[in-house]
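A.B. asks: Here it is, the structure in full.
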Amino acid sequence: MKLKLLYQQMLAFFVVIFTTVIVFGIAFIQFSNRMVYRDTWKQLEGYADSVFQQSVVVNTDGEFAGIQITGLQNSERLLANQAIHFTIYNKQNTIAYPKNDYSPAITNAQWKKLKQGETLTTKSDRRLNQVGRKQHPTTDIIKPYRNEDGTLIAVISVGSPVANIESNMRKIQHNLLIAFLISGLVSILIAYALAKYSVSRIDRIRRAAHKIGEGNFDITVPTKGNDEIDGLASDFNHMTESLKASNEEIKRQEQRRREFLADAAHEMRTPLTTINGLLEGLTYDAIPEESKEESLQLMSNETKRLIRLVNDNLDYEKIRTNQIVLNRHEIYVHEVINNLVEQLQKKADEAKDHFVIQVATNVVAYADYDRFVQIMFNIMQNAIQFTTGGTISVHAKNDDKKNCIVTVSDTGIGMSEDQMKNIWERYYKADVSRKNTKYGESGLGMAIVHQLVKAHDGQIKVSSQLGKGTTFTVRLPGKK
Ligand SMILES: Nc1ncnc2c1ncn2[C@@H]1O[C@H](COP(=O)(O)OP(=O)(O)OP(=O)(O)O)[C@@H](O)[C@H]1O
Ligand SMILES: [Mg+2]
């Protein structure tokens, strides 16, 4: 059978509460039963004592000498009103008063105890009377009276009908039953409230899980205390957070992939369109003879650009996925920089830029030679590309841990904060109008540099001010 959690919990609470009430109820009934009997016996004992004092005559030897009837009859009438009867026995266990057939007999076993001075009590006594008739059940006290020597003078038994006591008990039981019903009802209500409370907390988590299933990750389950359900709730919140994070990562990756495809297609379309146009022109002889040479040159350039684009992309992916092997040595930085300056001098002259190189001959970098050249080439090429009539300064030094720090500063057009943020992304060009310059134009250079520096466990930083200039700082760790 499938019981809803609410009812399971209710049942559990209810059983606990109701069992407690029943146990207390039974204990209470027994206790009050005992109390009622004890009170009755005390009262009866009092009657027995006064009957003895009023009516039993004791002679000088301390023996039973007879009964004084007048005093006794007064008491008897008084007691009869309350349905209390008494019997006086002499020391031979024969009834001295009253002289009728209804008085109960004392058994031998009882008499033995009485002789020893023990007071006996009976609940619901159905002793047979002298003529063997059954009486109404009574509760009795049978008390022996002895003289100073300890010999029995007389025994007095006083009894009252059990019906009196029982009607009292029934009243108590009736009240108790009402109390039971009320407490049963209250315990159902309490059980419902308690069960509802914990089930609602679980339900809250369930609803949240449902929403997450529908793709809504902006959900937190409130946690207040620190019991198991709260523990579950906070674990649940952690799970939601990491789900949300990985979901966002997936979305970002997807977005990047889409952008990459669009950008790659765009970058390739331009040279392909140019080549296509020129080819058509050549085919239909639409290009004058004197321009043919130039057209072929243009086609060759565009083809080279396409090859470079494809190679750069492959290179980037290889570096990014750790597929390249770095062959690290200690490299003299000034050698590399001087070579690059030689290579780039022509372009710098065209842009009317001049170099300021401050690299001591003993500065070393622990890096893959070709990759280090690639890094420096890209940074310096950019510096020339985005600076006209300015200065390009290159500094390099080793710190005390043999780390190599190279900075390349220019006094060019600079970048805004926003532009700097995206500079390590593939195909990023701070300004679309900057493209199609003579040098790089695909926006892959810095992305590759970034990956290369990372592959060397190094760091690259950029600081720039729009219109003032840009500084790149590369830090490569020394040999361990
Ligand atoms: N020194 C610099 N000064 C100003 N802007 C720069 C500088 N270096 C890079 N940038 C900006 O960052 C962008 C990305 O540079 P990156 O070298 O990756 O691409 P690119 O030079 O345009 O093309 P290529 O793939 O040929 O290098 C550049 O287009 C430019 O907008
Ligand atoms: Mg570049």
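The values are calculated or read from the model by the stated rules, or taken from the named source; none is laboratory data. Here the structure is a predicted model, which means the values were calculated and not measured. For neighbour counting, all protein chains shown are included, and Cβ atoms are generated from backbone atoms with ideal geometry for every residue, glycine included.
A.B. asks: Hey, among the residues in region 401-419 that are charged (D, E, K, R) and in contact (Cβ under 8 Å) with a residue 60 or more places away in the chain, which one's surrounded by the fewest Cβ atoms within 10 Å (Cβ to Cβ)?
C.D. replies: Here the residue is 401.
A.B. asks: Now for a separate question. In this structure, is residue 270 modelled with pLDDT of 90 or more and among the polar types (S, T, N, Q)? Show your work before the answer.
C.D. replies: On the way: modelled with pLDDT of 90 or more: no; among the polar types (S, T, N, Q): yes.
So residue 270 does not fit the description; no.
A.B. asks: Mind telling me which of the residues 219, 229, 172 ends up being surrounded by 12 or more Cβ atoms within 10 Å (Cβ to Cβ), modelled with pLDDT under 90 and within 30 Å of residue 26 (Cβ to Cβ)?
C.D. replies: On the way: 219 fails: within 30 Å of residue 26 (Cβ to Cβ); 229 fails: within 30 Å of residue 26 (Cβ to Cβ).
It is 172.
A.B. asks: With assigned to a helix (DSSP H, G or I) and of a type in the set (Gly, Ala, Ser) as the only criterion, which of 225, 184, 215 stands out? Break it down stepwise before answering.
C.D. replies: Numbers: 225 fails: assigned to a helix (DSSP H, G or I); 215 fails: assigned to a helix (DSSP H, G or I).
After ruling out the rest, the residue left standing is 184.
A.B. asks: Looking for something closer than 29 Å to residue 167 by Cβ and among the basic types (Lys, Arg) - is there at least one such residue anywhere in region 40-53?
C.D. replies: As a first pass, look at region 40-53 and keep what is closer than 29 Å to residue 167 by Cβ: 40-51.
Subset that is among the basic types (Lys, Arg): 42.
The answer is yes, given that some residue of region 40-53 is closer than 29 Å to residue 167 by Cβ and among the basic types (Lys, Arg).
A.B. asks: Another one. Any idea which residue in region 275-306 is nearest to residue 442 (Cα to Cα), counting only those that are among the β-branched types (Val, Ile, Thr) and at pLDDT 90 or above?
C.D. replies: Only one residue fits best here, namely 303.
A.B. asks: Let me ask another. When both residues are 6+ apart or on different chains and their Cβ atoms are under 7 Å apart, which pairs have a first residue that lies in region 307-318 and is closer than 15 Å to residue 375 by Cα, and a second that is small (Gly, Ala, Ser)?
C.D. replies: 312/442; 316/447
A.B. asks: Quick check on region 319-335: of everything there that is under 47 Å from the mean Cα position of the chain (by Cα) and loosely packed, with under 14 Cβ neighbours inside 10 Å, which residue is nearest to residue 357 (Cα to Cα)?
C.D. replies: Among them, the one singled out is 325.
Here's the yes/no breakdown for (1) at pLDDT below 95; (2) over 47 Å from the mean Cα position of the chain (by Cα); (3) over 28 Å from residue 310 (Cα atoms); (4) outside the structural domain of residue 333 (by TED's automatic domain parsing):
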site	(1), (2), (3), (4)
392	no, yes, yes, no
397	no, yes, yes, no
420	yes, no, no, no
434	yes, yes, no, no
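A.B. asks: May I pose another question? Looking for whichever is more than 16 Å from ligand 2 (Cβ to nearest atom) and either under 20 Å from residue 461 (Cβ atoms) or surrounded by 17 or more Cβ atoms within 10 Å (Cβ to Cβ) (or both) here; the options are 422, 362, 382, 398. Which one fits? Steps first, please.
C.D. replies: Numbers: 422 fails: more than 16 Å from ligand 2 (Cβ to nearest atom); 362 fails: either under 20 Å from residue 461 (Cβ atoms) or surrounded by 17 or more Cβ atoms within 10 Å (Cβ to Cβ) (or both); 382 fails: more than 16 Å from ligand 2 (Cβ to nearest atom).
Testing whether each residue is more than 16 Å from ligand 2 (Cβ to nearest atom) and either under 20 Å from residue 461 (Cβ atoms) or surrounded by 17 or more Cβ atoms within 10 Å (Cβ to Cβ) (or both) leaves just 398.
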